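Chemist: Shown below is the structure under consideration.
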Amino acid sequence: MLEPLYLQLSQHDDLSNEEKALLAETVAFGRDFEKGQDLVSTGSRPAYSTMLLDGLAARYKVLEDGGRQFTSLQVPGDFVDLHAFLLRKMDHGIVALSPCRVMFADHSKLKAITEQAPHLARLLWLDTLVDGAIHREWIVAMGRRSKTSHLAHLICELFVRLQVVKRTSGMSFNLPLSQAEMADVLGLSVVHMNRVIGSLKKIKVITWVNHTVTILDWDQLAELAEFDPTYLSMNNEPR
């Protein structure tokens, strides 16, 4: 059941059967969420951290005027609020962008891992460091890249992350977001979002039919995005 998490952690370093068993022992219970439901709510003090096993979710902040900004997308295999284990109170929410299946890891058992399994603890620490690296890339994209380059970068990132957890088919992947939700990702109006998607289609680097994105020319898309996957730390090496 935790295979997406195992795949993601194993991308960084080998994960032993004993470590997989320790992770399985942290699981207290699971739950399915419908699209639009919060997996974790702003201001909450969760006693568990949430593993996303299936579906797509997003971190978000809401402004006083009701405007919403997504700050990252979460894919299967992500520990979406592992940092809540130490921060305690959530300063942002995590919402399901599609039907999602999650499992919850008890914080007391996560604490035991940090004390008894240092290698596994380092891999979980790395998981939060990659989260931070993704946030940095999103800040750069939001502030300095053209919107077309920003969207190209997001598509490259999602494809690579989803490929690790076996959620791609050839050069295609499912992206179950409406144009309004995509606008919340890129910080655009819906009309502008439609134009940006159209610009990538026009130069024939992607197709986007219903909720399926297909990359037609990876090299050109990655060049347009200035995409360098180093920030995802996907080399398998001792940690």
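Chemist: In this structure, does Asp81 turn out to be open to solvent by 50 Å² or more (accessible area, probe 1.4 Å) and in a loop (DSSP other than H, G, I, E, B)?
Modeler: No: the conditions fail for Asp81.
Chemist: Filter segment 86-98 for residues that are crowded, with 21+ Cβ neighbours inside 10 Å and not in a loop (DSSP other than H, G, I, E, B) and give the result.
Modeler: Ile94, Val95, Ala96, listed by residue number.
Chemist: Which of the residues spanning segment 117-159 are open to solvent by 40 Å² or more (accessible area, probe 1.4 Å), in contact with a Leu (Cβ under 7 Å, 6 or more places away or on another chain) and not β-branched (Val, Ile, Thr)?
Modeler: If the condition is that a residue be open to solvent by 40 Å² or more (accessible area, probe 1.4 Å), in contact with a Leu (Cβ under 7 Å, 6 or more places away or on another chain) and not β-branched (Val, Ile, Thr), then Lys147 is the only one that fits.
Chemist: Condition (residue is of a type in the set (A, V, I, L, M, F, W, C), within 24 Å of Gly132 (Cα to Cα) and touching a Pro at 6+ places or on another chain (Cβ under 7 Å)) applied to segment 156-172: is it met by at least one residue?
Modeler: yes
Chemist: Here's another thing I want to ask about it. Going by the conditions given, is Ala180 loosely packed, with under 14 Cβ neighbours inside 10 Å, in a helix (DSSP H, G or I) and touching a helix residue (DSSP H, G or I) at 6+ places or on another chain (Cβ under 9 Å)?
Modeler: In short, yes.
Chemist: What tally of residues in segment 20-30 results from selecting those that are open to solvent by less than 30 Å² (accessible area, probe 1.4 Å) and farther than 15 Å from Asp127 by Cα?
Modeler: Going through segment 20-30 one residue at a time, the tally reaches 1.
Chemist: Please go through segment 52-70 and pick out each residue that is closer than 16 Å to Pro99 by Cβ and open to solvent by less than 30 Å² (accessible area, probe 1.4 Å).
Modeler: Across segment 52-70, the qualifying residues are Leu52, Leu53, Gly55, Leu56, Ala57, Ala58.
The values are calculated or read from the model by the stated rules, or taken from the named source; none is laboratory data. Computed from a predicted model, the values in this text were never measured in an experiment. Note that we place each Cβ from the backbone using ideal geometry, even for glycine, and neighbour counts take in every protein chain shown. Surface accessibility is based on the protein's heavy atoms, side chains included, excluding ligands, DNA and RNA. Shrake-Rupley method; radii C 1.70, N 1.55, O 1.52, S 1.80 Å.
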